[in-house]
Amino acid sequence: MALFLSTYINKIDKKGRVSVPSSFRAALSDDGYQGVVLFKSYTHEALEGFPMEFMAELGARLDRFDLFSEDQNDLSTAIFAESIQLPFDGEGRIILPADYIEFCGVSDVVAFVGMGPKFQIWAPAALEARKAAARERVQSKGLTLPSSSAAVAGAAAKNGGGA
């Protein structure tokens, strides 16, 4: 599974071409599709980026809803109707459509933000504000990651208990 880490600031040219960070391209190299899938975030003024394989997983998750339910239709529309496949060119670049550039408010530079199994594309100034707000919420709420099932089962077995 692809894993996206770190933050990279890259220039975007007048044609909307931007180089995808090499570590992101490496994470995507096992995917059958040589490019990325983007859609407009419905929680931030940013673009959500995924490998095609992960989009298939999102589709499988939607199968848990009734096929013609309002929730399934809303999520399908929000995710898949606005998703675009952007292949890499020979130099590892993608071309961002003008409406996507406008949506996230980028001009001459973009920030690629690794978020584990996905990444986002932001205007750098907006990203800094987002990072500060996220850090504040994490600290004020005392958030931590839940233990993995394997770690919990391993600790229970080590302590003589069952999982």
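The values are calculated or read from the model by the stated rules, or taken from the named source; none is laboratory data. Quantities reported herein were computed from a predicted structural model and do not represent experimental measurements. Cβ: placed from backbone, ideal geometry, glycine included. Neighbour counts: every protein chain shown.
Output the number of the condition that D71 fails; it satisfies all remaining conditions of (1) at pLDDT 90 or above; (2) more than 20 Å from L127 (Cβ to Cβ); (3) surrounded by 15 or more Cβ atoms within 10 Å (Cβ to Cβ); (4) out of contact with any helix residue (DSSP H, G or I) (no Cβ under 9 Å at 6 or more places or on another chain).
(3)
Working carefully through the options A78, A26, find the one that is at negative phi, exposed (fewer than 14 other Cβ atoms within 10 Å of the Cβ) and not in a loop (DSSP other than H, G, I, E, B).
Numbers: A78 fails: exposed (fewer than 14 other Cβ atoms within 10 Å of the Cβ).
Testing whether each residue is at negative phi, exposed (fewer than 14 other Cβ atoms within 10 Å of the Cβ) and not in a loop (DSSP other than H, G, I, E, B) leaves just A26.
Give all pairs with beta carbons closer than 8 Å in which a residue from segment 1-29 that is within 14 Å of D89 (Cα to Cα) meets a residue that is exposed (fewer than 15 other Cβ atoms within 10 Å of the Cβ) and of a type in the set (S, T, Y); count only pairs at least 6 apart in sequence or on separate chains.
P21/S6
When F50 is evaluated against the numbered criteria (1) modelled with pLDDT under 95; (2) more than 20 Å from C104 (Cα to Cα); (3) touching a strand residue (DSSP E or B) at 6+ places or on another chain (Cβ under 7 Å), which criterion, by number, is the only one it fails?
The number of the failed condition is (2).
Scan (1) more than 15 Å from L96 (Cβ to Cβ); (2) surrounded by 14 or more Cβ atoms within 10 Å (Cβ to Cβ); (3) of a type in the set (A, V, I, L, M, F, W, C) for the single condition V20 breaks and write down its number.
Against the list (1) more than 15 Å from L96 (Cβ to Cβ); (2) surrounded by 14 or more Cβ atoms within 10 Å (Cβ to Cβ); (3) of a type in the set (A, V, I, L, M, F, W, C), V20 comes up short only on (1).
Kindly indicate the residue of segment 111-142 that is in a loop (DSSP other than H, G, I, E, B) and surrounded by 10 or more Cβ atoms within 10 Å (Cβ to Cβ) and also modelled with the lowest pLDDT among those meeting that condition.
Our first condition is that a residue be in a loop (DSSP other than H, G, I, E, B); within segment 111-142, this holds for 117, 123, 142.
Filter again for surrounded by 10 or more Cβ atoms within 10 Å (Cβ to Cβ), leaving 117, 123.
Values: P117: 92, A123: 98.
Per the criteria, the residue is P117.
Identify, by number, the condition in (1) modelled with pLDDT of 90 or more; (2) surrounded by 10 or more Cβ atoms within 10 Å (Cβ to Cβ); (3) among the hydrophobic types (A, V, I, L, M, F, W, C) that A155 doesn't meet.
Unmet for A155, out of (1) modelled with pLDDT of 90 or more; (2) surrounded by 10 or more Cβ atoms within 10 Å (Cβ to Cβ); (3) among the hydrophobic types (A, V, I, L, M, F, W, C): (1).
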